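The values are calculated or read from the model by the stated rules, or taken from the named source; none is laboratory data. Computed from a predicted structure; not experimentally measured. Quick reminder, even Gly has a Cβ in these numbers, built from the backbone with ideal geometry, and neighbours come from all protein chains shown. To get the accessible areas, we keep the full protein, side chains included, count just its heavy atoms, and leave off ligands, DNA and RNA. Shrake-Rupley method; radii C 1.70, N 1.55, O 1.52, S 1.80 Å.
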Amino acid sequence: MNKLTKPLYYADYLNLDLLLNAQMPESGKYGQEAHDEMLFIVTHQTYELWFKQILHELMSVLELFSATPLDERRLHIIAVRLDRIVRIQLVINQQIGILETMTPLDFLDFRNVLIPASGFQSRQFREIELRLGLSHHLSNVSFGRFNPEDAAYLERIAEEPSLFEQVEAWLSRTPFLESEGYSFWNSYRRAVDRMLDSDAEIIRTNPLLSEKEKQQQIAEHESTRQSFASLFDHQLYEQYRQQGRVQLSHKATLAALFIQLYRDAPLLQLPFRVLTRLMDIDEQLTHWRSSHALMVQRMLGTKIGTGGSSGHDYLKATISAKRIFNDLFNLSTYLIPRSLLPDLPESLLRDLGFYRDRH
Ligand code: HEM
């Protein structure tokens, strides 16, 4: 790359003139400027800058994921970029603490001049939600809080493949689950049956338990058996999916389970890392929703928000309703101890990299 003759100046490179003159407190227009409004603006602006960076990473991950087949080098870059998103989230989640140095009374000095503007209208935040895979309906895109241009933009984004959909398609293509003389499904199912039978036997023969305690534990054990049943019964699983109890397809769920169970195999380590990062992103977003909701309660109590929602109550409900990779968390229900895990056939072990030449 050739260096340009004109020496670059720090402030020009970063466009600081524009950036540092972009804070315009509203309160000053109506009388005395509220001291804390600057903090309120700077905090929101830094969030938006980090949202921009998150979208930059997310778009590249979506682009990398769109390739079929997906080779390992791409998967490595995907894992690195997802990790970067998590690190950014850790930083922005901390920022709420800075804003909480503003007291509710200080906030009231300028709150009314903000109406009807609200974080509700953060286009980048909604885009992150949609690109990750939150459904159109849940992301409130059609609620008409946006200006027509932003609403049209988000409606368009909602139609594009999300990370959730791409991950699901990638998982569904996972090889190794069925090969000549081997079916992960059958061998896993036998191992689960053995584990559940042995657990039931332990309860039945435990001399320390009273008859009543035994009955209680057997009932609990039966409910564990039922949760496995939904995994083994394709029809039941689809029923759950239609009811919205699970989102990930049955095939993708099995592949994710295979990756979790055999993640020590060299070829599965990267897929495992990717799945873990997706859970981290979901977890950090959930932490943000929770901290933001608490901050809102601290600032507003039960008052409604400037954007017209019920405020804290609305935000509290989004904490559990707006999960994206919830199914990956719930996979732990189906994990079985390593000691009970069926061995993989030799040919598969070779494919998964256990027998690679060491020189
Ligand atoms: C004093 C500080 C804050 C208060 C009192 C506050 C209040 C609220 C309220 C009440 C809502 C619900 C919508 C409404 O009725 O307006 C909301 C939504 C939202 N706020 Fe804040 N907020 C604050 C700071 C922030 C910050 C720093 C950000 C960072 C960008 C932010 C981003 C958002 C987003 C993205 C939503 C939409 C959440 C969703 O619908 O799931 N807020 N805020």
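Annotation: Cα Rg of the range 295-350 relative to the compact-globule expectation 2.2 N^0.38 Å equals 2.19.
Its Cα centre serving as origin, the range 154-288 has a Cβ charge dipole (Lys and Arg +1, Asp and Glu -1) of approximately 220 debye.
Per residue, how much accessible area does the chain have with a 1.4 Å probe, in Å²? For the chain, the solvent-accessible area averages 59 Å² per residue. If the chain linking Ala152 and Ser320 were pulled fully straight, counting 0.36 nm for each residue of separation and taking away their Cα-Cα distance, it would gain 57.7 nm.
Rounded, prolate or oblate: which fits the range 111-233, taking a ≥ b ≥ c as square roots of the Cα gyration tensor eigenvalues, rounded meaning a/c under 1.5, else prolate when a/b beats b/c? It is oblate, given that a/c is not under 1.5 and a/b is not larger than b/c.
Modelled this way, with points 7 Å down the Cα-to-C-beta line, the labels at Asp351 and Thr46 are 5.0 nm from one another.
Counting only Cβ charges, +1 for Lys and Arg and -1 for Asp and Glu, the dipole size of the chain around its Cα centre is about 280 debye. Extension gain for Glu165 to Asn206 (0.36 nm times residue separation, less C-alpha to C-alpha distance): 10.1 nm.
Since only Asn326, Ser290, Leu344 are under comparison, the one whose Cα sits farthest along the positive direction of the charge dipole of the range 283-359, derived from C-beta charges on Lys, Arg, Asp and Glu, is Ser290. Applying 1/(1 + (r/R0)^6) with r as the Cβ-Cβ distance of Ile115 and Arg84 and R0 = 35 angstrom yields a FRET efficiency of 0.45.
As a fraction of the 1.4 Å probe accessible area of the chain, surface on carbon and sulfur atoms comes out at 54 percent. Taking the charge dipole of the chain about its Cα centre, with +1 at Lys and Arg Cβ atoms and -1 at Asp and Glu Cβ atoms, the residue from Phe258, Ile92, Pro207 reaching farthest to the positive side is Phe258. Relative protection proxy for 120-130, 299-309, from highest mean packing down: 120-130, 299-309 (other beta-carbon atoms within 10 angstrom).
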